[in-house]
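These notes concern the structure reproduced below.
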Amino acid sequence: MSPSVKQTGFRGLRCVVGLLASILVVAIALLYWCLFVQVTNAGLAFENDLKIPPEMEFTINPDGTKEFVLRVQHRKTEFMDGKPADTLGVNSTYLGQTIRAERGDRVLLNVHNELKETTTMHWHGMHVPAEMDGTPHQTIRSSESWTADFEITQEAGILWYHPHTHGKTAEQVYFGIAGLFIVEDENSKSLDIPDTYGVDDIPLIIQDRLFHEDGSLDYQIRNGANFGESIVVNGTLDPYLEVEARKIRFRILNGSNARIYWLGFDDQREFEVIATDGGFLDSPVTVDRVRLSPGERAEIVVDFSKGDSVKLKSFPDAGLLETTSAWFGGTTNGHFDIMEIRPKNPTRESHNIPESLNRIHRIDPETAAVRRVIILGGMVINGKSMDMKRIDERVRLGDTEVWSIRNRTGRTHPFHIHLVQFLILDRDGRPPAAEESGWKDTVHVESGENVNVIMQFKQFANPDVPYMYHCHILEHEDRGMMGQFLVVDE
Ligand code: C2O
Ligand code: CU
Ligand code: CU
């Protein structure tokens, strides 16, 4: 072979390598675009004024109890103009009115089931006696009523209510039965923070939904749960919100069946997290993202005083592994536009959010009488599928307990415990992020992770009626990823 031929061969090889390299670069760029850049629900016009769920009226009885009436109804909602969809609501066509009460109030909640099927009504995050908890054991049959009667003994926080019907929770919530239950207390009323409902204190119930062409809701289980491709906020498709150009507080509930959101703004602005599920943080925590899995809540304060319009989004911060795992049934978030926020002239100065919001009593893990191991595996907890006739755990009244929640599956599960608000001790030995270091009743546990939480069982022993603990991906819950515990006085 002459040297010139050799040279040509070498050049040919370089050419092939060059070609392969460019194909690889293009493929990686494409994959990156698909995973992180492409907006799943691209093309929104932000043309619908965000609905604010009205506050539920109540009557004050001679004995001082506050009495609410919840009519669970089958109605029609036009998510798309001129295209009515069958929906469910509580005193409303879709979702429920917002209940507001104060610590120390005794409330009577009369739930009328006007549906054609059985339902229940659960006060998620509320510290209530087991028989008032609205679990699968307190069923309300079609055209019957049930009254929950309890005193609010916990601190201010953003709770919510939804059905807990055995095997039917996912569908009933999907079609619209869910509402906020705001608890106020002396502390929340004394803090100089935005608190005018619907003006500078805005509730946001974020849900993903699938729609048929005719505008009706499509309930489908794919990859073991329901994942929608459109976002509705307070039941509004494609929403915008006008706010005064100052600091605005949002009370956010991830009311989705299965989707996790990494919330933030398209201009990457920072904001302050002031509260978790069950109360205020000790001090505001500045972040540019907040992660909410189904059932979790956060209160945030965002400064709009510069006056520019901004988009609230959910970013694909899941990372490559979780994002690709979504194709095989993982519970990732995708990349969504949620709503546009348009500041207009303010009528007052911004609030100076106080440095001290709360004084959380940190429970000493040394005082825990019991450490329970909770293993999340497949659709089971500790190897068992939910059985209403079986008690899985017995908790002694008065005990402090640490629950060690271990996720042995390939996807994230939001773990919820009834009755209590707990504190996260650690995630795989590392302290929780500052923005999740407040009272929680639902915690996301990532694949392979071990999360330790601590709580006290101070009240409400009942040898017969159990409370629930479960995955808050509603299809997982319905398929058996739930257990029952009793609080017993020995
Ligand atoms: Cu939000 Cu047992 O549920
Ligand atoms: Cu609950
Ligand atoms: Cu789950």
(message) Need one number: % antiparallel among DSSP beta bridges in the chain, to the nearest 5.
(response) 70 percent
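Could you tell me what % of all Cα pairs in the chain have separations over 37 Å? Please report the intermediate quantities before stating the final value.
On the way: 32898 of 119805 pairs.
Value for the chain: 27 percent of Cα pairs lie more than 37 Å apart.
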(message) Between N352 and V488, what is the label-point separation in nm under the 7 Å Cα-to-beta-carbon projection?
(response) 5.6 nm
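What value, in deg cm²/dmol to 500, does the helix sum -39500 (n - 2.57) over DSSP H runs of n ≥ 4 give at 222 nm once divided by the residues of the chain?
Details: 5 runs with 53 residues, N = 490.
Value at 222 nm, helices only: -3000 deg cm²/dmol.
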(message) Can you sort E490, E114 from fewest to most other Cβ atoms within 10 Å of each residue's own Cβ?
(response) E490, E114
(request) Consider just the alpha-carbon atoms of the stretch 365-488 and return their Rg together with their Dmax, both in angstrom. (result) 13.7, 40
(message) Output the 0 to 90 degree angle, nearest 10, between the alpha-carbon long axis of helix 3-32 and the longest principal axis computed from the alpha carbons of the chain.
(response) 20 degrees
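Suppose we take every Cα in the stretch 201-344 and form the convex hull; what volume per residue is that in Å³? Walk me through the numbers on the way to the answer.
Working: hull volume 16.1 nm³, N = 144.
Value for the stretch 201-344: 112 Å³ per residue.
The numbers here are math on the coordinates, done by the rules we state, and not lab data. The structure displayed is predicted, hence computed values, not measured ones. All Cβ positions, glycine included, derive from the backbone under ideal geometry; neighbour counts span all protein chains shown.
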